[in-house]
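These notes concern the structure reproduced below.
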Amino acid sequence: MDYQTIPHSRPSLSSSDIRSVSQVLRSGQISQGSLVSAFEKKFARTFGRKYGAAVSSGTSALHLSLLALNIKAGDEVIIPSFVCTAVLNAVNAVGAQPLVVDIDLPTYNISAPAVKRALSSRTKAVIVPHMFGCPADMNELLDTGIPVIEDCAQAVGSRYREHKTGSLGILSVFSFYATKVITCGEGGMVLGDSGELISKIKDRKDYDQKDKYILRYNYKMTDIQAALGMNQLSHLDNFIHRRRKIARRFLREFKDCSLILPVQSEEKIHIYYRFVTLAPGEASPYLKKLQKMNIMCRRPVFRPLHHYLHLSGFPHTEEAWHRCISIPLYPSLDPNEIMRIIAAVKEIFSDKQ
Ligand SMILES: *Cc1c(COP(=O)(O)O)cnc(C)c1O
């Protein structure tokens, strides 16, 4: 059968998204302007924060957050190994020392005990990505007393106990890259309750018309992106509803498969940005089989950070990297695609093989 390929990920773009962008284009005001300010306010309000600073990417959001916290050479920042290099890049951009730690399985989130073991007098922050949409152990991490930068790039709309993720860090960062939960093509946001920290971020993202010289960047968001972001934000509840509904179906259908499925718990509302499973062995042969069936699954992290840094240890990250398979899950999957994914996964991971 000649099936069309189901991509691993695909943005949900609607006619209202297109309208909102063309309106900006027609207005002629296309760079950073009033729509960026409006998006910052609306986004901050959505997550119960006082202030927002819209920026050009999740990476620039992390970089400026570290700068605002005055983190510099000689300081240490704790980060997990099982995450994209954007997080490592941000720490290196300010000249601080990255301290990479292991994760928990099967949440794939930074291990709070490992963070505690890594603490020293030089530790100035911990960056906590809520991996694949599942909230990290925020209470344990906040209890360390070290400033927590929440990385919500994959967790827009998740909840930890009664809190929205993005409402808990001293600063909380977001990414609006094309395949994230909501998108502006490229873009990012920092939320916080300190006017001083957010002012520093707003100052540093724009180099022009400043009295005093300090190193600044061009990390601005445009009104074109902000218009798209605002409209996407208005669809967030729908997107999450769709994601969770598809995830419940997958969890039900895959319960007898030889896969370790994502964890569900009362206190962690998962948005299933990625439906990440642990295969019974090395992921590659399974990924190839699924690809032959025109279903594009992926390793959810290209390479763990400790590999790039030539460090050893990290048994959970190693296991995750070898065995993880991310199964396509996004709001724009149609019923037929969902059926094909379920049939393929059940065939390949049936316990009877
Ligand atoms: C995508 C992502 C980033 C980086 O965001 P960009 O907008 O691509 O720069 C950072 N952290 C996590 C956890 C991400 O998923």
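The values are calculated or read from the model by the stated rules, or taken from the named source; none is laboratory data. Keep in mind that this is a model prediction, so the values were computed, not measured. Cβ coordinates were reconstructed from backbone atoms using ideal geometry, including for glycine residues, and neighbour counts include every protein chain displayed.
Take the conditions among the aliphatic types (A, V, I, L, M), in a loop (DSSP other than H, G, I, E, B) and within 12 Å of the ligand (Cβ to nearest atom) and apply them to residue 136. Does it pass?
It is true that residue 136 is among the aliphatic types (A, V, I, L, M), in a loop (DSSP other than H, G, I, E, B) and within 12 Å of the ligand (Cβ to nearest atom).
What are the pairs, 6+ residues apart or on separate chains, where a residue within the range 79-97 that is under 16 Å from residue 107 (Cα atoms) and within 10 Å of the ligand (Cβ to nearest atom) has its Cβ under 7 Å from a residue that is in a helix (DSSP H, G or I) and modelled with pLDDT under 95?
Here the result reads none, with nothing in the range 79-97 linked to a residue that is in a helix (DSSP H, G or I) and modelled with pLDDT under 95.
If we keep just the residues of the range 3-23 that are hydrophobic (A, V, I, L, M, F, W, C) and part of a helix (DSSP H, G or I), which is nearest to residue 217 (Cα to Cα)?
Initially, the range 3-23 is screened for residues hydrophobic (A, V, I, L, M, F, W, C), giving 6, 13, 18, 21.
With the extra rule that they be part of a helix (DSSP H, G or I), the set shrinks to 18, 21.
Working: 18: 29, 21: 25 Å.
Taking the candidates together, the pick is 21.
With the structure loaded, tell me whether residue 145 is touching a residue at least 24 places away in the same chain (Cβ under 8 Å) and part of a loop (DSSP other than H, G, I, E, B) or whether it fails that test.
No: the conditions fail for residue 145.
For the range 161-180, state whether one or more residues are within 16 Å of the ligand (Cβ to nearest atom), farther than 19 Å from residue 197 by Cα and charged (D, E, K, R).
Within the range 161-180 (the criterion being within 16 Å of the ligand (Cβ to nearest atom), farther than 19 Å from residue 197 by Cα and charged (D, E, K, R)), the answer is yes, since at least one residue qualifies.
I'd like to know if the range 195-205 contains one or more residues that are hydroxyl-bearing (Ser, Thr, Tyr) and surrounded by 15 or more Cβ atoms within 10 Å (Cβ to Cβ).
Within the range 195-205, the first condition is being hydroxyl-bearing (Ser, Thr, Tyr), and the residues that meet it are 199.
Retained after the next criterion (residues that are surrounded by 15 or more Cβ atoms within 10 Å (Cβ to Cβ)): none.
No; the residues of the range 195-205 include none that is hydroxyl-bearing (Ser, Thr, Tyr) and surrounded by 15 or more Cβ atoms within 10 Å (Cβ to Cβ).
I'd like to know if the range 198-215 contains one or more residues that are under 27 Å from residue 14 (Cα atoms), hydrophobic (A, V, I, L, M, F, W, C) and modelled with pLDDT of 95 or more.
Taking every residue of the range 198-215 in turn, none turns out to be under 27 Å from residue 14 (Cα atoms), hydrophobic (A, V, I, L, M, F, W, C) and modelled with pLDDT of 95 or more.
Identify the residue in the range 53-78 that is in a loop (DSSP other than H, G, I, E, B) and away from the ligand (no atom under 11 Å from the Cβ) and, among all such residues, is nearest to residue 230 (Cα to Cα).
Checking each candidate, the answer is 69.
Any idea how many residues of the range 108-123 are out of contact with any strand residue (DSSP E or B) (no Cβ under 8 Å at 6 or more places or on another chain) and either of a type in the set (S, T, N, Q) or surrounded by 15 or more Cβ atoms within 10 Å (Cβ to Cβ) (or both)?
So the count comes out to 3.
Applying the selection to the range 289-328, what residues are hydrophobic (A, V, I, L, M, F, W, C) and within 15 Å of residue 105 (Cα to Cα)?
301, 314, 320, 321, 324, 325
Check residue 156 against each of (1) buried (at least 20 other Cβ atoms within 10 Å of the Cβ); (2) without any contact (Cβ under 8 Å) to a residue 60 or more places away in the chain and name the one condition it does not meet.
(2)
Go through the range 48-63 and report how many residues are surrounded by fewer than 24 Cβ atoms within 10 Å (Cβ to Cβ) and β-branched (Val, Ile, Thr). Walk me through how you get there before you give the answer.
First, the residues of the range 48-63 that are surrounded by fewer than 24 Cβ atoms within 10 Å (Cβ to Cβ): 48-51, 56-57, 59.
Remaining after also requiring β-branched (Val, Ile, Thr): 59.
The total comes to 1.
What's the total number of residues in the range 91-107 that are more than 26 Å from residue 217 (Cβ to Cβ) and assigned to a strand (DSSP E or B)?
Number of matching residues: 2.
Applying the selection to the range 166-217, what residues are out of contact with any helix residue (DSSP H, G or I) (no Cβ under 9 Å at 6 or more places or on another chain) and of a type in the set (A, V, I, L, M)?
178, the sole residue that qualifies.
Could you please tell me which pairs satisfy a Cβ distance under 6 Å, a separation of 6+ or placement on different chains, a first residue in the range 175-195 that is under 12 Å from residue 13 (Cβ atoms), and a second residue that is near the ligand (Cβ under 8 Å from one of its atoms)?
Close Cβ pairs (under 6 Å, with a partner that is near the ligand (Cβ under 8 Å from one of its atoms)) amount to 183/176; 184/176.
Residue 205 passes all but one of (1) more than 10 Å from the ligand (Cβ to nearest atom); (2) within 22 Å of residue 141 (Cβ to Cβ); (3) within 22 Å of the chain's Cα centre (by Cα); (4) not aromatic (Phe, Trp, Tyr); which number fails?
So residue 205 meets the others, but not (2).
Mind checking which residues of the range 181-194 are within 13 Å of the ligand (Cβ to nearest atom) and within 12 Å of residue 48 (Cβ to Cβ)? Write out each step before concluding.
So the first thing to find is which residues in the range 181-194 are within 13 Å of the ligand (Cβ to nearest atom), and the list is 181-190.
Selection gives nothing.
Does the range 108-130 contain any residue that is in contact (Cβ under 8 Å) with a residue 60 or more places away in the chain, within 15 Å of the ligand (Cβ to nearest atom), not in a strand (DSSP E or B) and not aromatic (Phe, Trp, Tyr)?
No, the range 108-130 contains no residue that is in contact (Cβ under 8 Å) with a residue 60 or more places away in the chain, within 15 Å of the ligand (Cβ to nearest atom), not in a strand (DSSP E or B) and not aromatic (Phe, Trp, Tyr).
Among the residues of the range 24-52 satisfying the criterion of being part of a helix (DSSP H, G or I) and of a type in the set (S, T, N, Q), which is nearest to the ligand (Cβ to nearest atom)?
Pass one, the range 24-52, residues part of a helix (DSSP H, G or I): 24-27, 34-46.
With the extra rule that they be of a type in the set (S, T, N, Q), the set shrinks to 27, 34, 37, 46.
Details: 27: 26, 34: 23, 37: 20, 46: 19 Å.
Within the range 24-52, the match that is nearest to the ligand (Cβ to nearest atom) is 46.
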